[in-house]
Amino acid sequence: MTTSVQLPQSGNSITAPSAVEAFSLSKGYGRADTRVMALRNVSVSFETGKFTAIMGPSGSGKSTLMHCLAGLDTADEGRITVGGTEITGLNDKQLTTLRRERIGFVFQAFNLVPTLTAEQNITLPLALAGAKTDAMWFTEVVATLGLKDRLSHRPHELSGGQQQRVAVARALLTRPDVIFGDEPTGNLDSKSGGEVLALLRRSSREMGQTIIMVTHDPVAASYADRVVLMSDGGLVGELRNPTTESVLVALGKLGA
């Protein structure tokens, strides 16, 4: 296990920005004696076109880190850049636009609109933004995810794995700077979960998509190019080219 975490350099020295970078993030909840620090001076970068998993024991800060990186929560201190653009200090309207146009999400709950078809769910973010769908890219994404014959189906007519594929397609369609996955296979059986993880890995390796996934599952993490390890609100190490076994050993050392 690598015991050091790759840290971003100072802003002036970056020539090719990573997809997402965090600089000295701190985040606390509560006040005075009851205050709990969820993030403690966290600095980390996520390479463009790579699949990274964030792991750690319960309460380690991994979900808080993802929420701050995605603009779903704000840090008390520090800076965040997405695609080379600093998002720290953006107002709610600007953050909403950023999330809609430059960030994709795949959650544990599929978050599909039950009255819409698979195709309509995939194109929904573009429709809400009043943007035109790139037909060639849509066809490529749908073909890659094996959804060509399911586009007219509504969510209740799809299996869990198929519903999550629709969610992945929706996230990919806008060509975001990054896709965040929050336990994306948590509601799936092992076979469906493996299929979705393989698709995420293909999205990274074949489409150049940057993916950052929070997970507690060592098997899920083994699909990533890199695992970032957290404990007590800080970064404590990383694994490159992880395997299920190496992740289990690393988590065991953290008491997870």
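Descriptive notes on the structure:
- The set of residues in region 177-199 that are over 21 Å from Leu126 (Cα atoms) and either surrounded by 19 or more Cβ atoms within 10 Å (Cβ to Cβ) or acidic (Asp, Glu) (or both) comprises Asp182, Glu183, Pro184, Thr185, Leu188, Asp189, Gly193, Glu195, Val196, Leu197, Leu199.
- All positions within region 60-75 that are among the β-branched types (Val, Ile, Thr) and either crowded, with 22+ Cβ neighbours inside 10 Å or assigned to a helix (DSSP H, G or I) (or both): Thr64
- Which numbered condition Ser203 misses (of (1) within 27 Å of Gly59 (Cα to Cα); (2) touching a strand residue (DSSP E or B) at 6+ places or on another chain (Cβ under 9 Å)): (1)
- Scanning region 242-256 for residues that are at pLDDT below 95 and not hydrophobic (A, V, I, L, M, F, W, C) gives Gly252, Lys253, Gly255.
- Answer residue from region 117-146, given it is touching a helix residue (DSSP H, G or I) at 6+ places or on another chain (Cβ under 6 Å) and more than 19 Å from Glu101 (Cα to Cα) and is modelled with the highest pLDDT among those: Ala118
- For first residues located in region 234-256 and more than 26 Å from Val36 (Cβ to Cβ) and free of Cβ contacts under 8 Å to residues at least 60 places away in the same chain, partners that are of a type in the set (Gly, Ala, Ser) and surrounded by 13 or more Cβ atoms within 10 Å (Cβ to Cβ) and lie 6+ apart or on another chain with Cβ distances below 7 Å form the pairs Thr243/Ser222; Thr244/Ser222.
- Failed condition for Val219, given (1) β-branched (Val, Ile, Thr); (2) surrounded by fewer than 20 Cβ atoms within 10 Å (Cβ to Cβ); (3) in contact with a Leu (Cβ under 7 Å, 6 or more places away or on another chain): (3)
The values are calculated or read from the model by the stated rules, or taken from the named source; none is laboratory data. Just so you know, these numbers come straight off a predicted model, no measurement behind them. Please note: Cβ atoms are built from the backbone with ideal geometry, for glycine as well, and neighbour counts cover all protein chains shown.
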